[in-house]
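Below: one structure, written as structure tokens.
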Amino acid sequence: MFDLPELRRHVPLAVALGVDSVGTGISGPLLLLFLTRVADIPLAQAGLTLSATFAVALVVPALVGQLVPRLGGRNILIAAQVLQAVGLAGLLVARDLPAVAACTLVAAIGQRTFWSSVFAVIADASDSGPAEDKDRWFAFTNMVQNTGYALGALTAGALLLLPGDLPYLLAIGTNAACFAVSAVLLVADRSARRAQGADAAAPIRAHRVPTLPYLGLIGVAALFAFCSTVLGSGLGIYVVDGLAAPAALVGPLLAINTILSALGQAPAVRLTRRRSRVAVMVTAGIIWSVWGLYTAVLGLAPAWLIVPGLVLSVLVYSVAELLHGPRSLAYAADAAPPGQRSTYLSWFQYSFALANIAAPGVFAATFSVDPALPWAVTSVVALVACVGLVLIARTLPREAARP
């Protein structure tokens, strides 16, 4: 049913990604609360500090793209975990704003370094199996990470039952420990030392900026990533202020999405294995477009239909996410020129970074005009992404779009 990739040589990598995700799931929801309640940083300053450090870390993907071919994706990934562990461990003792800012900056650079190198490491691992393993690998690692996030979030909820500052200290400390364990597992992964990967098989080239077609793919991927980000950015506000529904619905609705993401990635790849990657991604975009229009008109529904309507909305959204996620990453990996895959995948990280920056602002600006407008805008963005992908795919290697 799950159609897993060949894992025997890569168990430490899979476990390392799972441990990383559990730790992130524990501390992620509590980080802002930690800064305000334990470090005693005013909310406005805490939020601005996090935004500023994330913005500074935007330079990381381009830098990592230069380093991965020379140092190896696994070594960069280990460094990323160490940086995140050091940054979060520092927060346990930092109590003034400059020290907190320095620690969060180190952690943010580590986080962006992680996402700028992990795709190349996964792609290298997939090279040890048959060609179709690439899609399975990205589906499997997405499942592992989503499961870890879910377990971590549940643990965070349980920690909040403890008194005083203890929940926040435990959350940050546990996450730092998880990053350290993940780094140790990656160091112990002997298979990674033997795996050469696509980049190692070709000489290092001086050209380090992606070609225009690939930059176009990154732009299209940013549009798709916007669609996959907007639910998390705006569901809570839409439920409470747009639909006047109970705030208690938000958690279960997001939990439905998380569970489906954790369990459904590999089956989605298996069920669509005979369709090209471009066709599957376009299908996901069309589903997102329909989802956006459907969610926009929920405000016109009678009160008794709001809850089942929201559940259906999350289910439809999750289907699009399941179809798009592993296919897009595998396509990005195979669309890169020989010998430059790690560099190109580092740059591909900008699609997610741009979407994460744009989604909250676009949602807030459009929601203030009309609660239905953000979802209608998302519908249009999804259609534009579909058209853009079809056009840009003509300029990229045909074999990258294979089933």
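The values are calculated or read from the model by the stated rules, or taken from the named source; none is laboratory data. Since we're looking at a predicted model, the values are computed, not measured. Positions of Cβ are generated from backbone atoms using ideal geometry, with glycine treated the same way; all protein chains shown enter the neighbour counts. Note: accessible area is taken over every heavy atom of the protein model, side chains too, but ligands, DNA and RNA are not part of it. Shrake-Rupley method; radii C 1.70, N 1.55, O 1.52, S 1.80 Å.
Any idea how many residues of region 88-111 are farther than 16 Å from Leu48 by Cα and surrounded by 24 or more Cβ atoms within 10 Å (Cβ to Cβ)?
2
Hey, could you check region 67-85 for residues that are open to solvent by 40 Å² or more (accessible area, probe 1.4 Å) and under 22 Å from the mean Cα position of the chain (by Cα) and say which is farthest from Ala125 (Cα to Cα)?
Step one: list which residues in region 67-85 are open to solvent by 40 Å² or more (accessible area, probe 1.4 Å), which gives 67, 70-71, 74-75, 79, 82-83.
Keeping just the survivors that are under 22 Å from the mean Cα position of the chain (by Cα) gives 67, 74-75, 79, 82-83.
Values: Leu67: 19, Arg74: 10, Asn75: 14, Ala79: 19, Val82: 21, Leu83: 23 Å.
This residue is Leu83.
Would you confirm whether or not region 39-61 contains a residue that is touching an Asp or Glu at 6+ places or on another chain (Cβ under 6 Å) and more than 20 Å from Ala180 (Cβ to Cβ)?
Start the filter on region 39-61 by keeping residues that are touching an Asp or Glu at 6+ places or on another chain (Cβ under 6 Å), which leaves none.
No, the conditions are met nowhere in region 39-61.
When Trp375 is evaluated against the numbered criteria (1) open to solvent by 20 Å² or more (accessible area, probe 1.4 Å); (2) touching a residue at least 60 places away in the same chain (Cβ under 8 Å); (3) more than 17 Å from the chain's Cα centre (by Cα), which criterion, by number, is the only one it fails?
Unmet condition: (1).
Is it fair to say Leu105 is under 21 Å from the mean Cα position of the chain (by Cα) and free of Cβ contacts under 8 Å to residues at least 12 places away in the same chain?
On the way: under 21 Å from the mean Cα position of the chain (by Cα): yes; free of Cβ contacts under 8 Å to residues at least 12 places away in the same chain: no.
It is false that Leu105 is under 21 Å from the mean Cα position of the chain (by Cα) and free of Cβ contacts under 8 Å to residues at least 12 places away in the same chain.
Do we have any residue at all in region 343-362 that's at pLDDT below 90 and over 28 Å from Val118 (Cα atoms)?
Among the residues of region 343-362, at least one is at pLDDT below 90 and over 28 Å from Val118 (Cα atoms), which makes the answer yes.
When region 239-256 is examined, which residues are found to be open to solvent by 20 Å² or more (accessible area, probe 1.4 Å) and under 22 Å from Gln145 (Cα atoms)?
Step one: of region 239-256, the residues open to solvent by 20 Å² or more (accessible area, probe 1.4 Å) are 240-244, 246-252, 254-256.
Val250, Gly251, Pro252, Leu254, Ala255, Ile256, listed by residue number.
Do the conditions hold for Leu48, that is, is it buried (at least 22 other Cβ atoms within 10 Å of the Cβ), more than 20 Å from the chain's Cα centre (by Cα) and among the aliphatic types (A, V, I, L, M)? Full working, then the answer.
Details: buried (at least 22 other Cβ atoms within 10 Å of the Cβ): no; more than 20 Å from the chain's Cα centre (by Cα): yes; among the aliphatic types (A, V, I, L, M): yes.
Judged against the criteria, Leu48 is not a match.
Considering only residues of region 119-137 that are at pLDDT 75 or above and small (Gly, Ala, Ser), which is farthest from Ile78 (Cα to Cα)?
Ser126
Confirm whether Leu323 is surrounded by 20 or more Cβ atoms within 10 Å (Cβ to Cβ) and assigned to a helix (DSSP H, G or I). Full working, then the answer.
Numbers: surrounded by 20 or more Cβ atoms within 10 Å (Cβ to Cβ): yes; assigned to a helix (DSSP H, G or I): yes.
It is true that Leu323 is surrounded by 20 or more Cβ atoms within 10 Å (Cβ to Cβ) and assigned to a helix (DSSP H, G or I).
Could you say which residue among Val269, Val297 is in a helix (DSSP H, G or I) and touching a Lys or Arg at 6+ places or on another chain (Cβ under 7 Å)? Please lay out each step first, then the result.
Values: Val297 fails: touching a Lys or Arg at 6+ places or on another chain (Cβ under 7 Å).
Exactly one residue qualifies, and that residue is Val269.
Name the single residue, out of those in region 7-23 being under 14 Å from Phe138 (Cβ atoms) and at pLDDT below 85, that is least open to solvent (accessible area, probe 1.4 Å). Even if it seems obvious, please write down each step before you answer.
So in region 7-23, the residues under 14 Å from Phe138 (Cβ atoms) come out as 7, 10, 13-14, 17.
From what is left, the residues that are at pLDDT below 85 are 7, 10.
Working: Leu7: 41, His10: 7 Å².
So, considering only residues that are under 14 Å from Phe138 (Cβ atoms) and at pLDDT below 85, the one least open to solvent (accessible area, probe 1.4 Å) is His10.
Quick test for you: out of Leu298, Leu293, pick the one residue that is of a type outside the set (Ser, Thr, Tyr), touching a Leu at 6+ places or on another chain (Cβ under 7 Å) and either over 19 Å from Ser328 (Cα atoms) or surrounded by 16 or more Cβ atoms within 10 Å (Cβ to Cβ) (or both). First the steps, then the outcome.
Numbers: Leu293 fails: touching a Leu at 6+ places or on another chain (Cβ under 7 Å).
Only one candidate qualifies: Leu298.
Find all pairs meeting these conditions: Cβ atoms under 6 angstrom apart; at least six residues apart or on different chains; first residue within region 153-170 and under 12 Å from Gly25 (Cα atoms) and of a type in the set (Asp, Glu); second residue at pLDDT 85 or above and open to solvent by 80 Å² or more (accessible area, probe 1.4 Å).
Close Cβ pairs satisfying both conditions: none exist.
For region 342-364, does any single residue satisfy the condition of being open to solvent by less than 40 Å² (accessible area, probe 1.4 Å) and over 23 Å from the mean Cα position of the chain (by Cα)?
Looking through region 342-364, none of the residues is open to solvent by less than 40 Å² (accessible area, probe 1.4 Å) and over 23 Å from the mean Cα position of the chain (by Cα).
Might you check whether a residue that is open to solvent by less than 30 Å² (accessible area, probe 1.4 Å) and either under 26 Å from Val282 (Cβ atoms) or at pLDDT 85 or above (or both) occurs anywhere in region 196-210?
Going through region 196-210, the residues open to solvent by less than 30 Å² (accessible area, probe 1.4 Å) turn out to be 197, 199, 202, 208, 210.
Filter once more, keeping what is either under 26 Å from Val282 (Cβ atoms) or at pLDDT 85 or above (or both): 210.
Among the residues of region 196-210, at least one is open to solvent by less than 30 Å² (accessible area, probe 1.4 Å) and either under 26 Å from Val282 (Cβ atoms) or at pLDDT 85 or above (or both), which makes the answer yes.
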